[in-house]
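Report on one structure; see the data block that follows.
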């Protein structure tokens with residue numbers, strides 16, 4: 001039985017206020033993955049304390065970084081059942097993890113922060129790691145090409 005929408009509405013809004021788009025169906029997840037050029041961030045949201053006190057605030061801080069994913073979506077574990085399963089299907093080789101934060105490029109997983117990597121950190125530490133991942137995977141291709149031609 002999915003979680004009550006009354007219970008999770010504020011938890012959903014923690015991310016949507018940041019501009020993270022909800023994807024509540026498997027088709028919506030697939031469309032986001034297929035239609036997003038560059039890097040897509042996929043957040044598996046959760047009711048747990050580490051999502052509330054660490055993951056969502058860390059994502060908020062990370063999204064203030066100068067380099068960000070082209071698009072960010074979220075599914076809610078325990079509520080958006082099919083959407084969550086579909087999102088996790090893109091995280092090949094990893095067990096289900098809630099919360100988790102993934103970066104996809106052309107539908108391929110390039111980065112995943114799992115629950116065990118969230119639980120022992122505070123929001124600032126999570127944001128710092130996400131910012132490093134953004135710098136690595138979200139830099140526009142033209143900037144990467146310029147750096148490569150200069151040997152940076």
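The values are calculated or read from the model by the stated rules, or taken from the named source; none is laboratory data. In this text the structure is predicted, and so the values were computed from the model without any measurement. Neighbour counts run over all protein chains shown; Cβ positions are idealised from the backbone, glycine included.
Filter the range 106-116 down to residues that are at pLDDT 95 or above and in contact with a helix residue (DSSP H, G or I) (Cβ under 8 Å, 6 or more places away or on another chain), then give me how many there are.
Residues in the range 106-116 being at pLDDT 95 or above and in contact with a helix residue (DSSP H, G or I) (Cβ under 8 Å, 6 or more places away or on another chain): 4 in total.
I'd like to verify a number: residues in the range 23-54 that are surrounded by fewer than 18 Cβ atoms within 10 Å (Cβ to Cβ) and under 22 Å from residue 110 (Cα atoms), how many?
Within the range 23-54, residues that are surrounded by fewer than 18 Cβ atoms within 10 Å (Cβ to Cβ) and under 22 Å from residue 110 (Cα atoms) number 7.
Just wondering, is there one or more residues in the range 51-61 that are touching a residue at least 24 places away in the same chain (Cβ under 8 Å), within 23 Å of residue 134 (Cβ to Cβ) and in a loop (DSSP other than H, G, I, E, B)?
no
Listed here are the residues, each with its yes/no results for (1) touching a helix residue (DSSP H, G or I) at 6+ places or on another chain (Cβ under 9 Å); (2) under 25 Å from residue 124 (Cβ atoms).
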position	(1), (2)
13	no, yes
18	yes, yes
45	yes, yes
73	yes, yes
76	yes, yes
81	no, no
93	no, no
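If residue 69 satisfies every condition in (1) in a loop (DSSP other than H, G, I, E, B); (2) more than 14 Å from residue 102 (Cα to Cα) but one, which is the exception?
Status for residue 69: all satisfied but (2).
When the range 1-26 is examined, which residues are found to be without any contact (Cβ under 8 Å) to a residue 24 or more places away in the chain, over 17 Å from residue 63 (Cβ atoms) and part of a helix (DSSP H, G or I)?
6, 9, 10
Scan 66, 32, 77 and give me the residue that is more than 22 Å from residue 10 (Cβ to Cβ) and free of Cβ contacts under 8 Å to residues at least 40 places away in the same chain.
66
Closer than 17 Å to residue 9 by Cα and over 14 Å from the mean Cα position of the chain (by Cα): does that describe residue 55?
no
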